[in-house]
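The block underneath contains the structure these notes are about, expressed in structure tokens.
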Amino acid sequence: MSKQFQFKLVLLGESAVGKSSLVLRFVKDQFDDYRESTIGGPSFVSLVSYLGADSREAAFLTQTVTLEDQTTVKFEIWDTAGQERYKSLAPMYYRNANCAVVVYDITQSTSLEKAKSWIRELQRQADPNIVIALCGNKLDLASRRQVSQEEAKKYADEEGLMWGETSAKSGEGVADIFTSIAKKLPLT
Ligand code: GDP
Ligand code: MG
């Protein structure tokens with residue numbers, strides 16, 4: 001019988017880099033150009049204070065990757081509900097995460113700086129065995145590129161992270177990132 005594993009994966013990164021779009025592409029193979037950012041505005045802030053801290057945890061989606069040896073890895077994927085825009089996310093969000101995809105937008109160099117600060121936070125606070133992938137999204141907009149592949153790859157190598165570029169819009173590289181993570185996880 002083939003083996004099955006389940007892992008918690010969290011998405012991190014600056015607002016609007018395409019975290020929710022990557023999840024939508026990976027889980028449903030869809031892209032929506034006109035999607036509103038997940039949630040926004042004062043109504044959300046008041047909703048959070050009304051509902052209390054626990055409700056700030058986003059719901060998760062699942063998707064399964066099958067490796068060559070028929071091992072299946074089921075990802076429980078936690079996307080933020082847009083809270084990254086207002087304040088740092090509670091460590092509760094990434095606690096118990098087995099893996100993290102930290103996303104930047106290749107057309108916004110400031111988003112790489114934000115990604116680095118998320119990575120530092122994970123290195124300080126998350127499970128020491130967490131598998132982290134740095135992901136440069138919006139590869140379809142490469143003509144407006146501000147972050148070179150060399151710069152991002154060099155940083156990822158120095159920090160011992162996986163790295164890849166994706167386009168949630170075209171789908172390029174999206175499955176690859178998740179499959180690479182699946183292969184790095186402890187499948188025993
Ligand atoms: P989040 O705030 O990080 O979850 O980002 P969203 O997924 O809400 O995406 C923010 C905006 O970027 C939306 O208008 C998306 O349609 C757009 N977007 C996301 N991924 C891509 C991509 O790969 N290419 C392009 N061209 N636009 C993207
Ligand atoms: Mg989002």
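Just need a number here: residues in region 60-80 that are within 14 Å of ligand 2 (Cβ to nearest atom) and under 19 Å from Asn137 (Cβ atoms). So that I can check it myself, show each step before the final result.
Quick first cut of region 60-80, residues within 14 Å of ligand 2 (Cβ to nearest atom) only: 60-61, 77-80.
Filter once more, so that each one left must be under 19 Å from Asn137 (Cβ atoms): 61, 77-80.
Residues meeting the conditions: 5.
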### Query
Of all residues in region 147-188, how many are of a type in the set (Val, Ile, Thr), surrounded by 18 or more Cβ atoms within 10 Å (Cβ to Cβ) and part of a helix (DSSP H, G or I)?
3
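Matching residues to (1) touching a Phe, Trp or Tyr at 6+ places or on another chain (Cβ under 6 Å); (2) at pLDDT 70 or above; (3) away from ligand 1 (no atom under 16 Å from the Cβ):
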| residue | (1), (2), (3) |
| --- | --- |
| Gln30 | no, yes, no |
| Tyr34 | no, no, no |
| Ala58 | yes, no, no |
| Thr64 | no, yes, yes |
| Glu68 | no, yes, yes |
#### Entry: Residues (surrounded by fewer than 12 Cβ atoms within 10 Å (Cβ to Cβ) and either part of a helix (DSSP H, G or I) or touching a Phe, Trp or Tyr at 6+ places or on another chain (Cβ under 8 Å) (or both)) located in region 78-112
Met92
### Message
Within region 112-125, does at least one residue satisfy the condition of being of a type outside the set (Ser, Thr, Tyr), within 21 Å of Phe60 (Cα to Cα) and within 16 Å of ligand 2 (Cβ to nearest atom)?
### Response
yes
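The values are calculated or read from the model by the stated rules, or taken from the named source; none is laboratory data. Just so you know, these numbers come straight off a predicted model, no measurement behind them. All Cβ positions, even for glycine, are placed from backbone atoms using ideal geometry, and neighbour counts span all protein chains on display.
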